[in-house]
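The values are calculated or read from the model by the stated rules, or taken from the named source; none is laboratory data. Just so it is clear, the model here is predicted, and its values are computed rather than measured. Cβ atoms come from the backbone with ideal geometry, glycine included; neighbour counts cover every protein chain shown.
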Amino acid sequence: MRAAVSATALFDPAEIFAAVQQVRENLHVVRRESGSVSEIGVALGDLPQGVEWVGTLPPLYPEWLGDRSFAEAHGTRFAYCTGAMANGIATVEVVEAAARHGCLGFFGAAGLLPGRVAQAVDRLNAEIGGLPFGVNLIHSPQEPRVEAEVAELLVQKGVMAVEASAFMRITPPVVRYALAGVHRDEQGTLHRPRRVVAKVSRPEVARQFLSPAPESMLRELAQQGLLSPAEADLGRRLPVAEDVTVEADSGGHTDNRPLVAMFPAIADLARQIAREQGYARPLRVGAAGGLGTPASVAAAYALGAAYVMTGSVNQGCVESGVAPAARALLAKADVADVAMAPAADMFEMGVNVQVLRRGTMFAARAQKLRDLYLAHPSLDDIPPSDRAKLEKEVFQAPLADIWAQTERYFTERDPAQVDRARRDGKHQMALVFRWYLGKASRWAIDGDPARLMDYQLWCGPAMGAFNTWTRGSFLDDPAQRSVGQVALNLLEGAAAITRAGQLRSFGVAVPAEAFGFVPRPLAV
C-alpha cells in the first residue's frame with residue numbers, strides 16, 4: 001500500500017483510479033495551495049507537502065452498503081441475497097455458498113414436492129452449522145394444497161426466512177408462516193422468529209405484504225388452530241413482511257418493470273404505510289432484477305435499497321442446479337438475448353416468464369402452444385397439420401402418449417386435475433401443454449443433449465451484462481464462476497463505484513475508468 005500519492009502525480013487520472021479502488025482506506029481530498037478547483041485530487045495516507053486539505057472520505061466497506069438492520073435481522077455479513085431459482089436450480093450448494101460468504105441464500109423450492117423440500121432443509125440444517133438461510137414459498141394457484149404443505153413444513157422445520165414470490169394476493173399459508181411463533185417476552189420485547197422476504201413488482205401487492213394480514217384471515221387461522229390467539233392478536237399490529245424486494249426486469253416471473261421507476265414508488269409506499277400503522281420496527285425495501293454488474297448493484301443501493309438480491313448470475317455459477325451445457329449457453333448471452341414465454345405454473349392465466357432466447361427454441365415453441373390453446377377448445381380440435389408439427393418438433397411423441405404420462409403424474413400429485421381434464425377438453429390441453437413447459441426446465445437441469453434446443457433457462461438482461469463485465473477476467477470462464485466470487489466482486493465493485501461518485505461530488509475530476517471494476521479473486 002502506498003503511504004501517499006506523490007505530489008507530482010497527485011492529480012493524474014491513473015492515481016485517482018487507483019485510490020478509488022482502495023475502498024478500505026481513507027481518501028484525502030486535497031488541492032494545490034495555489035491551485036484552482038479544477039486541480040482538486042486525492043491522496044492516500046499522509047498528505048504530501050504543498051497541498052491544502054479539503055476533506056476526507058472514510059473507508060467504505062462492502063459490509064456498509066445497504067441497511068445494516070437487514071444484516072442484523074437476518075444474521076448476515078452483507079445486505080445481499082441470492083434469489084430462489086425454481087425446481088431446485090438454487091441448490092443446497094448455492095444456499096450454502098451464500099451463507100458461508102456472509103449472504104442470505106434462498107433454496108429454490110418452487111416446483112418441488114414437499115418431500116424434496118424437506119430433504120433440502122434437513123441437509124442445510126445439518127451442513128451449515130446454524131448459518132442463516134431461507135427457502136422459497138411460491139404462490140401456487142393451480143396447486144394450493146402444495147403451497148399450504150410447503151408453508152407448514154417450513155414452520156415445522158424451523159426455517160427462519162422465506163422468499164415469498166409470484167403472489168398476487170396474500171394467502172393463509174404465507175400468513176401462517178409469517179406469524180407462527182411471534183410473541184412478546186416478559187419485558188414486552190417483540191420476537192419474530194420467522195421472516196418473510198416478499199418479492200413484488202406491483203404497489204398493490206407490496207401494500208398487502210407491508211400491511212397487517214386481513215382480519216378475516218387472522219380469525220380463520222386462529223379458528224383452525226394454525227395461529228394461537230396471541231399470535232393472531234400480534235398479527236393485527238404487524239406487517240406480513242418487514243422486507244419486500246422490488247423485482248424489476250428479471251429472469252423467470254417478471255413484469256419487466258424498470259428498477260428506477262418501481263423502486264421509488266414502492267419505497268414511498270413503505271414509508272407511508274409505516275406512518276399510518278405506527279410500526280415500531282423498520283420496513284425495508286430491497287432491489288432485484290437486472291443486477292449483474294457492480295454499477296447496477298451500486299445504483300440499487302444509491303436508490304435506497306436496504307439489500308440487493310441477485311438471480312440470473314447465480315444460475316450461471318458452478319453450484320447451480322442446471323447442467324454444464326446450460327451454463328455454457330448462459331455464458332454466451334448478451335443483454336438482448338432474452339424473451340418472454342408462457343409460464344408452466346400459470347399457463348392458463350396467460351402469465352409469462354423471461355427466458356434465455358439465444359441457443360434455444362423454447363420461447364418460440366412455448367408461444368406456439370399458447371396460441372393453439374387460445375384458438376382451440378381441445379386437443380382433438382387442433383388442425384392435423386399443426387398436430388403433426390407439435391408431435392414431431394415439440395413433444396417428439398404422439399399427444400396421446402404425452403397425455404398418458406401427464407395423467408399418471410397428476411394421479412399421484414393432484415388427482416382432481418385428472419378428474420377435471422376428463423370432463424373438460426381445454427383443461428386436458430392445458431395440462432398436456434404444461435408437460436412441455438415443465439419438462440423444458442428439467443431438460444436444462446439434467447443436461448439432456450437431445451433436448452438442447454428446448455432448454456428453458458429463466459434469464460434476465462443481467463446475465464448478458466454480467467458476461468460483458470467479466471469478459472477477459474477470471475470470471476469469463478464459466479468454470480470459475482462461483483456464488484461466493486460473484487457476490488464478493490459485485491459488492492467490492494459496488495463500493496469502489498460508490499466511492500468514485502462520492503469523490504465526484506467533492507469536485508474531483510474523476511476519470512471514467514474509476515466507475516469500472518475488473519473482477520479479481522477475493523477472499524471472504
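A400 falls short on exactly one of the conditions (1) touching a strand residue (DSSP E or B) at 6+ places or on another chain (Cβ under 6 Å); (2) free of Cβ contacts under 8 Å to residues at least 12 places away in the same chain, and that condition is (1).
Restricting segment 55-75 to residues that are of a type in the set (A, V, I, L, M) and touching a helix residue (DSSP H, G or I) at 6+ places or on another chain (Cβ under 9 Å), the residue that is modelled with the lowest pLDDT is L57.
So for segment 76-83 (the condition being under 30 Å from D345 (Cα atoms), touching a helix residue (DSSP H, G or I) at 6+ places or on another chain (Cβ under 7 Å) and either at pLDDT 85 or above or crowded, with 20+ Cβ neighbours inside 10 Å (or both)), does at least one residue qualify?
Scanning segment 76-83, I find at least one residue that is under 30 Å from D345 (Cα atoms), touching a helix residue (DSSP H, G or I) at 6+ places or on another chain (Cβ under 7 Å) and either at pLDDT 85 or above or crowded, with 20+ Cβ neighbours inside 10 Å (or both), so the answer is yes.
Residues of segment 330-342 being surrounded by fewer than 23 Cβ atoms within 10 Å (Cβ to Cβ) and part of a helix (DSSP H, G or I), which ones?
A331
Within segment 385-403, work out how many residues are surrounded by fewer than 16 Cβ atoms within 10 Å (Cβ to Cβ) and within 16 Å of A450 (Cβ to Cβ).
4
Scanning segment 404-419 for residues that are surrounded by 12 or more Cβ atoms within 10 Å (Cβ to Cβ) and within 35 Å of the chain's Cα centre (by Cα) gives Q405, T406, E407, Y409, F410, T411, R413, D414, Q417, V418. For the condition basic (K, R) and without any contact (Cβ under 8 Å) to a residue 24 or more places away in the chain, what is the one hit in R271, R327, R237, R284? Step by step, each of R271, R327, R237, R284 is checked, and only R271 is basic (K, R) and without any contact (Cβ under 8 Å) to a residue 24 or more places away in the chain. Taken over segment 420-438, the criterion of being surrounded by fewer than 19 Cβ atoms within 10 Å (Cβ to Cβ), charged (D, E, K, R) and under 22 Å from E147 (Cα atoms) is satisfied by R420 alone. At least 1 residues being in contact (Cβ under 8 Å) with a residue 40 or more places away in the chain and outside the structural domain of L226 (by TED's automatic domain parsing) is the threshold, and among the helices (runs of 4 or more DSSP H) wholly inside segment 57-159 those reaching it are 68-74.
In segment 88-120, how many are closer than 13 Å to E319 by Cβ and more than 12 Å from the chain's Cα centre (by Cα)?
At the first step, the residues of segment 88-120 found to be closer than 13 Å to E319 by Cβ are 88-101, 103, 105, 107-108.
Checking the rest, the ones that are also more than 12 Å from the chain's Cα centre (by Cα) come to 88-89, 91-101, 103.
Going through segment 88-120 one residue at a time, the tally reaches 14.
Residue under question is A164, and the condition is that it be modelled with pLDDT of 95 or more, touching a strand residue (DSSP E or B) at 6+ places or on another chain (Cβ under 7 Å), among the small types (G, A, S) and closer than 24 Å to D345 by Cβ; does it hold?
yes
Each row is one residue, and each column tells you yes or no for (1) surrounded by 20 or more Cβ atoms within 10 Å (Cβ to Cβ); (2) in contact (Cβ under 8 Å) with a residue 24 or more places away in the chain; (3) touching a Lys or Arg at 6+ places or on another chain (Cβ under 8 Å).
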position	(1), (2), (3)
P478	no, yes, yes
A487	yes, yes, no
L491	yes, yes, no
A494	yes, yes, no
T498	yes, yes, no
R504	no, no, no
A509	no, yes, no
A512	no, no, no
F517	yes, yes, no
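Being over 23 Å from the mean Cα position of the chain (by Cα) and within 24 Å of R327 (Cα to Cα) holds for only one residue in P521, P511, and it is P521. Against the numbered list (1) assigned to a helix (DSSP H, G or I); (2) hydrophobic (A, V, I, L, M, F, W, C); (3) touching a residue at least 24 places away in the same chain (Cβ under 8 Å), M349 comes up short only at (1).
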